């Protein structure tokens, strides 16, 4: 099993996004491939200028997902069905210059012991295919499975990829904190998986909601990283789509620090007017104008509250 890194394990210093800085809303109230399934996360293929969204059916415990491919404005270009993968609350996109990218997402959606809730236990990597379908437990070699060899790993791995440093960030449930973050070199993971020979760039505890001065109702909704910093979103939906939006938060964490430390918790009002607004997903957008910290919201269609729309906002100011 992978052991914890030494206390002085660090990654090179980098700039950080200013959470109260300038930004925009390039995707606003777009309907994805399956209008009755809610957006959970998204990631960018910066080589081809596409966004990949993951959707899940509200209340479902089957691990089934739809993946929707759009342009940078959220116009649907294609879709793919996934069975027995996970809830889809975080994902990574690895661009492939000749064609469609590779998707990194949690898989192995099952109960490992009788009477327990199903959950994810591995990371899956596969090639995106328009109109494709993959069943995790009958994938016929189309999925590369990555068991998590961290010594304190329990379950719920959540991947994200930094397109500037080619690093993979993993959020997971551990045996101590219980939530933790670990940062890896993507190419090393592709060569060796999450095994004892795989180098951990840095690893740390994720602050609890109490340490972040959030409530238990402020649920984790997305994670990504840029340079030495990890970014997370928190929040929840209102009781009814017609109720005012609940608070949602952007959080910046230094991966070179430890324990419950954090750099900034910012209450964002982005998308406050969206009916049934709920934060969903974060990603780094390697845009032609420079790096952007993107964060998403799922919302209800005002005239048809059983249907969902997706919106994406971003922050672009850097400091440090």
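The values are calculated or read from the model by the stated rules, or taken from the named source; none is laboratory data. As the structure is a computational prediction, the values presented were derived from the model and not from experiment. With ideal geometry, Cβ positions are generated from the backbone for all residues, glycine too; neighbour counts draw on all protein chains shown.
Looking at the stretch 20-40, I want the residues that are farther than 24 Å from residue 286 by Cβ and have a partner that is assigned to a loop (DSSP other than H, G, I, E, B) with Cβ atoms under 6 Å, at least 6 apart or on another chain. Which pairs are those?
If the second residue must be assigned to a loop (DSSP other than H, G, I, E, B), the pairs left are 37/57; 38/58.
Part of a strand (DSSP E or B) and over 13 Å from residue 223 (Cβ atoms): does that describe residue 171? Break it down stepwise before answering.
Details: part of a strand (DSSP E or B): yes; over 13 Å from residue 223 (Cβ atoms): no.
For residue 171, the condition - part of a strand (DSSP E or B) and over 13 Å from residue 223 (Cβ atoms) - is not met.
Please find, among 146, 126, 137, 85, the residue that is touching a residue at least 12 places away in the same chain (Cβ under 8 Å) and out of contact with any strand residue (DSSP E or B) (no Cβ under 7 Å at 6 or more places or on another chain).
Working: 146 fails: out of contact with any strand residue (DSSP E or B) (no Cβ under 7 Å at 6 or more places or on another chain); 126 fails: out of contact with any strand residue (DSSP E or B) (no Cβ under 7 Å at 6 or more places or on another chain); 85 fails: out of contact with any strand residue (DSSP E or B) (no Cβ under 7 Å at 6 or more places or on another chain).
From the options 146, 126, 137, 85, the qualifying one is 137.
Please work out if residue 319 is more than 15 Å from residue 218 (Cα to Cα) and modelled with pLDDT of 95 or more. Break it down stepwise before answering.
On the way: more than 15 Å from residue 218 (Cα to Cα): yes; modelled with pLDDT of 95 or more: yes.
Yes: the conditions hold for residue 319.
Condition check ((1) under 19 Å from the mean Cα position of the chain (by Cα); (2) over 20 Å from residue 260 (Cα atoms)) across all residues:
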| residue | (1), (2) |
| --- | --- |
| 145 | yes, yes |
| 149 | no, yes |
| 155 | yes, yes |
| 158 | yes, no |
| 167 | yes, yes |
| 172 | yes, no |
| 176 | no, no |
| 188 | no, yes |
| 194 | yes, yes |
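As an exercise: evaluate residue 129 against (1) modelled with pLDDT of 95 or more; (2) assigned to a loop (DSSP other than H, G, I, E, B); (3) under 15 Å from the mean Cα position of the chain (by Cα) and give the number of the one condition it does not meet.
Residue 129 satisfies every listed condition except (3).
Could you give me the residue pairs with C-beta distances under 7 Å whose first residue belongs to the stretch 214-227 and is on the phi > 0 side of the Ramachandran plot and surrounded by fewer than 24 Cβ atoms within 10 Å (Cβ to Cβ), whose second residue is at pLDDT 95 or above and not in a strand (DSSP E or B) wherever it lies, and which are 6+ apart or on separate chains?
Pairs found: 227/14; 227/15; 227/165.
Determine if the stretch 196-210 includes at least one residue that is within 24 Å of residue 40 (Cβ to Cβ) and assigned to a strand (DSSP E or B). So that I can check it myself, show each step before the final result.
We begin by selecting, within the stretch 196-210, every residue within 24 Å of residue 40 (Cβ to Cβ); these are 206-209.
Keeping just the survivors that are assigned to a strand (DSSP E or B) gives none.
Scanning the stretch 196-210 turns up no residue that is within 24 Å of residue 40 (Cβ to Cβ) and assigned to a strand (DSSP E or B).
Please state which of the following conditions residue 252 fails to meet, knowing it meets all the rest: (1) in a strand (DSSP E or B); (2) surrounded by fewer than 16 Cβ atoms within 10 Å (Cβ to Cβ).
Going through (1) in a strand (DSSP E or B); (2) surrounded by fewer than 16 Cβ atoms within 10 Å (Cβ to Cβ) one by one, residue 252 breaks only (2).
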